[in-house]
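The values are calculated or read from the model by the stated rules, or taken from the named source; none is laboratory data. None of the values given here were measured: they were computed from a predicted structure. Note: ideal-geometry Cβ built from the backbone for every residue, glycine included; neighbour counts use all protein chains shown.
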2 protein chains.
Amino acid sequence: MRDLENRSTPLLVVDLPIFESNLTTMSQSLPGLSLRPHVKAFKSTSVAKRLFAAGHTAFCCATIKEVEGMVSAGLADDLLLANEVLDTRRLGSVIADGAHVTVAVDSVETIDAASRGGVKNVLIDVNVGLRRCGCTVPQAGRLADYARGNGLNIRGVMGYEGHLMMMQDREKQADEVRISMEALLAAHQDVGGPIISAGGTGTFELNTWATEIQAGSYLFMDTHYGKSGLPFQQCLSVLARVISIAEDRSWAVVDAGSKALGMDHGNPTVYGGIVAFCSDEHTTLYPEKGQRQVPWAIGDLIHLSPAHVDPTVSKHPEILAVRGNKVIEEWLVDLRDW
Amino acid sequence: MRDLENRSTPLLVVDLPIFESNLTTMSQSLPGLSLRPHVKAFKSTSVAKRLFAAGHTAFCCATIKEVEGMVSAGLADDLLLANEVLDTRRLGSVIADGAHVTVAVDSVETIDAASRGGVKNVLIDVNVGLRRCGCTVPQAGRLADYARGNGLNIRGVMGYEGHLMMMQDREKQADEVRISMEALLAAHQDVGGPIISAGGTGTFELNTWATEIQAGSYLFMDTHYGKSGLPFQQCLSVLARVISIAEDRSWAVVDAGSKALGMDHGNPTVYGGIVAFCSDEHTTLYPEKGQRQVPWAIGDLIHLSPAHVDPTVSKHPEILAVRGNKVIEEWLVDLRDW
């Protein structure tokens, strides 16, 4: 394979040994079906195949496109679309072809849409504190009854404690996760079914109530998750080239910007300097505190570490898995778009 | 063509009559070659063809991919890559095939790279106040001499007053643009060549010194530019579907989030409500001030207006040009990625 040096920039790069270590660490903690890897974090069937090979054969998806792509790749043993869907035509079509797909529902409307589209299996999505999707605890049993009345099979409940993922105080976080999961268990009492699906990278160790944890970002990590003391290391970066340096060397510019980086958690970081600002296709870098000049030369390749990994991945057509400077594998980001 | 109602969401949508009005307004102000439309704003050769038909036959690109795509679409009469490039192999290849491409240079290294790659035409990129690419005014003439010594043709100078695009005080903005352009004209004195390329949507009327204005965002506009009193209207939005509403109707959730929206200028806005926060594939909406309940029903289609249009476009595979609820044209975003 060609060296990184010979590629056009910007490029999405994963340090393969660290990635493999992250994967193994999680598999040891949550083996097999106790982890339902979240495809939205990597959007690549190449990555999903590695997880499947490690024993994680049930996956979580955020979009219909992710479901369709996983089905095409033969990874459809047990797919959960952890999101409400009103237009179920595309889902119904892959289910009619034999894919095993479960869909989250939280209202009469989404249950009706599931029945109409030919969906057979649903989870009742319960709001456990994040102001997003999910019914209330008292609604859960009634919705399950309504869904059963519509001929749907209820596999259980789902409740994402997303508001707790980034808490710095681990004890407080543990307490809040418990409160969220007590709500989910109360809903499960009324709903039934074998599955209690919850959790994420930030709470995978704390959430001992769920039967399966929905985590994905742990594979790549980002600067945001990096602060939370989790046993995973950052391994995904955007490789960029220094294309311009100010005459007095007080700043440098690289050829990757806000079109190549997930910006919703803020600027990326860089080793050896400070990110001043990102433009569409540029990032301006200042020297480190106490330094007057940037340490790079025009043409240098440098790694930008994104603040938010999931939206960074979805901006790129492929991920290069590298060992040192060698490209070992090329992973198409084949599940992006909708 | 199918109605919008029958499409999967999220979708990137352009109101065609407003788009056409924006295009015409700018063409009347800056006809023909006095505008060099910036492809980075729309990343679609379908849009570029409409501009070409309106007489704007010279284009500005931000990436090599944009140059390659414009060449493939037969829109290569005069392409300016307004960005420094170290790896000129791909550019050299399209130039060898006959495309007319000019590249920005701001250092000995980028001039050497241009010569090495078979680039024939360059502009000297001058820093006029934005801490990004561009040489100093005193460097410009020396770099031009060096480039000529390397057998390159100098077409003139370029200087982007990007730091002035969003200024609210129009008088102060005019004054600052004048100062920036005086610097560019001083550089041009030493550099020569017919082109003085500068400007953008935010300064297109004020910048009377440049021979051509590099503007693109005016076609679609965004909430950020919308505040600046320009004679263009917002016409690009992300169409999303309401997939969940809280039991007390105090919030609603739609199926488009930070993976579908340029987030570097902040959250999108929505008519009839307030954007609470964006997740990867969701946006949570609150009622308007003074209201207790959101006005939508599950299944409703609503438009999110992005804060920054350029990075929003690059997240989507296509743009639907609509008149009312009818899809009139489908524009592939064929110039995205790198």
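What's the number of the only condition in (1) closer than 16 Å to residue A:333 by Cβ; (2) surrounded by fewer than 22 Cβ atoms within 10 Å (Cβ to Cβ); (3) touching a helix residue (DSSP H, G or I) at 6+ places or on another chain (Cβ under 8 Å) that residue A:23 fails to meet?
(1)
State whether the residues of segment A:174-186 include one that is surrounded by 20 or more Cβ atoms within 10 Å (Cβ to Cβ), among the polar types (S, T, N, Q) and either in the same structural domain as residue A:162 (by TED's automatic domain parsing) or outside any helix (DSSP H, G or I) (or both).
Looking for residues that are surrounded by 20 or more Cβ atoms within 10 Å (Cβ to Cβ), among the polar types (S, T, N, Q) and either in the same structural domain as residue A:162 (by TED's automatic domain parsing) or outside any helix (DSSP H, G or I) (or both), one finds at least one in segment A:174-186, hence yes.
Taking the condition of being among the β-branched types (Val, Ile, Thr) and either outside any strand (DSSP E or B) or within 10 Å of chain B (Cβ to nearest Cβ) (or both), how many residues in segment A:224-254 meet it?
Number of matching residues: 4.
Quick one: how many residues across segment A:309-331 are in contact with a Lys or Arg (Cβ under 7 Å, 6 or more places away or on another chain), among the β-branched types (Val, Ile, Thr) and either farther than 20 Å from residue B:260 by Cα or outside any helix (DSSP H, G or I) (or both)?
Number of matching residues: 1.
It is to be established whether one or more residues within segment A:184-191 are β-branched (Val, Ile, Thr), over 30 Å from residue B:105 (Cα atoms) and more than 10 Å from chain B (Cβ to nearest Cβ).
Yes, that holds for at least one residue.
Please pick out the residue among A:252, A:246, A:256, A:297 that is closer than 30 Å to residue A:165 by Cβ and of a type outside the set (Ser, Thr, Tyr).
Criteria check complete, one pass: A:256.
Can you confirm whether residue B:257 is in a loop (DSSP other than H, G, I, E, B), within 13 Å of chain A (Cβ to nearest Cβ) and surrounded by fewer than 19 Cβ atoms within 10 Å (Cβ to Cβ)?
no
Taking segment B:35-54 as the region of interest, how many residues are surrounded by fewer than 17 Cβ atoms within 10 Å (Cβ to Cβ) and either aliphatic (A, V, I, L, M) or over 16 Å from the mean Cα position of the chain (by Cα) (or both)?
Total meeting the criteria: 1.
If you go through segment B:226-247 one residue at a time, how many are closer than 22 Å to residue A:104 by Cβ and surrounded by fewer than 19 Cβ atoms within 10 Å (Cβ to Cβ)?
1
Quick one: how many residues across segment A:286-301 are touching a strand residue (DSSP E or B) at 6+ places or on another chain (Cβ under 6 Å) and touching a residue at least 40 places away in the same chain (Cβ under 8 Å)?
The qualifying residues number 6.
If you check B:338, B:296, B:331, which single one turns out to be aromatic (Phe, Trp, Tyr) and away from every other protein chain (no Cβ under 14 Å)?
Result: B:331 is the single residue among B:338, B:296, B:331 that is aromatic (Phe, Trp, Tyr) and away from every other protein chain (no Cβ under 14 Å).
Go through segment B:187-199 residue by residue and tally those that are out of contact with any helix residue (DSSP H, G or I) (no Cβ under 7 Å at 6 or more places or on another chain) and buried (at least 20 other Cβ atoms within 10 Å of the Cβ).
4
Right, residue A:266: assigned to a loop (DSSP other than H, G, I, E, B), more than 8 Å from chain B (Cβ to nearest Cβ), at positive phi and under 19 Å from the mean Cα position of the chain (by Cα) or not?
Yes: the conditions hold for residue A:266.
Tell me, please, whether a residue that is closer than 24 Å to residue A:179 by Cα and among the β-branched types (Val, Ile, Thr) can be found in segment A:113-126.
yes
Of the numbered conditions (1) within 22 Å of residue A:108 (Cβ to Cβ); (2) under 26 Å from the mean Cα position of the chain (by Cα), residue B:250 fails exactly one; give the number of that condition.
All conditions pass for residue B:250, except number (2).
Could you please let me know if residue A:48 is out of contact with any strand residue (DSSP E or B) (no Cβ under 9 Å at 6 or more places or on another chain) and assigned by TED's automatic domain parsing to the domain that holds residue A:200?
So residue A:48 fails the test.
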